[in-house]
1. On the basis of being modelled with pLDDT under 80 and under 30 Å from ASP69 (Cβ atoms), does ILE142 make the cut?
2. Out of ARG104, ARG148, I need the residue that is of a type in the set (Lys, Arg), surrounded by 13 or more Cβ atoms within 10 Å (Cβ to Cβ) and modelled with pLDDT under 70. Which one?
3. Can you pull out every residue in the range 1-33 that is at pLDDT 90 or above and touching a Leu at 6+ places or on another chain (Cβ under 8 Å)?
4. Would you mind stating whether MET174 is modelled with pLDDT of 80 or more and either touching a Lys or Arg at 6+ places or on another chain (Cβ under 9 Å) or surrounded by 13 or more Cβ atoms within 10 Å (Cβ to Cβ) (or both)?
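The values are calculated or read from the model by the stated rules, or taken from the named source; none is laboratory data. All values derive from a computational prediction rather than experimental measurement. Every residue, glycine among them, receives a Cβ derived from its backbone with ideal geometry; neighbour counts consider all protein chains shown.
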Amino acid sequence: MKARENESETEKSHGLQPAVPKPGSPTDLELMQGVQREEAEALSQLYDRYNGIIKALILRVVHNEAEADDLLQEIFMEIWNQAKNFSAQKGKPLGWMVTLARRRAIDKLRKKQAYARAEERLQREIEQQPDAWVHNSTEEEILDGDRRILIRRVIEMLPPPQQQAIELAFFRGMSQREIAANTNTPLGTVKTRLELGLKKIYDGLKELRDEL
């Protein structure tokens with residue numbers, strides 16, 4: 001009972017009110033049970049009924065229309081994949097979907113912020129590169145050079161698509177949209193390649209530092 005009360009409060013706090021099905025149409029619970037049986041039509045009806053509510057919730061977290069549209073599709077795919085975890089004893093289908101959507105939106109925001117911080121760190125590393133080595137290099141300059149060598153070594157170990165995206169973004173100064181246009185690659189794919197590439201670079205640098 002308490003779970004249902006909390007769920008109701010959650011919906012109200014987000015301005016989410018359950019839709020009233022048309023007479024004769026399946027209830028939310030019946031549709032969710034259909035999704036659990038892998039009935040695509042049941043998921044389609046849930047999408048038609050609640051995509052507006054779910055997208056509104058996503059936008060309150062990510063504040064980006066295009067990202068919200070992409071995440072909306074991902075969330076309904078996750079609803080399809082995770083439907084087996086839904087239990088009518090623990091709450092209503094909408095409450096379960098709202099919880100799932102909120103978690104995914106927050107995860108997306110955290111990853112975006114982490115990516116932005118990683119991008120800034122890598123950009124600072126690149127900007128610190130001197131135009132040429134001087135013969136009387138100080139110890140600090142030598143360490144900087146070693147760091148650049150490590151970065152280059154890790155970049156060269158990336159899969160070619162990720163390596164290309166990283167080099168175009170950070171060594172040629174292209175935006176994600178410019179990379180997408182120049183490589184004839186979907187913008188979402190470019191973003192994913194940069195995110196994966198940056199993660200591997202920082203993981204790789206940590207491993208190399210540990211070895212040294």
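1. Considered against the rule, which asks whether it is modelled with pLDDT under 80 and under 30 Å from ASP69 (Cβ atoms), ILE142 comes out as no.
2. Details: ARG104 fails: modelled with pLDDT under 70.
Just one listed residue meets the conditions, ARG148.
3. ASP28, LEU31, MET32 - these are the residues of the range 1-33 that are at pLDDT 90 or above and touching a Leu at 6+ places or on another chain (Cβ under 8 Å).
4. no
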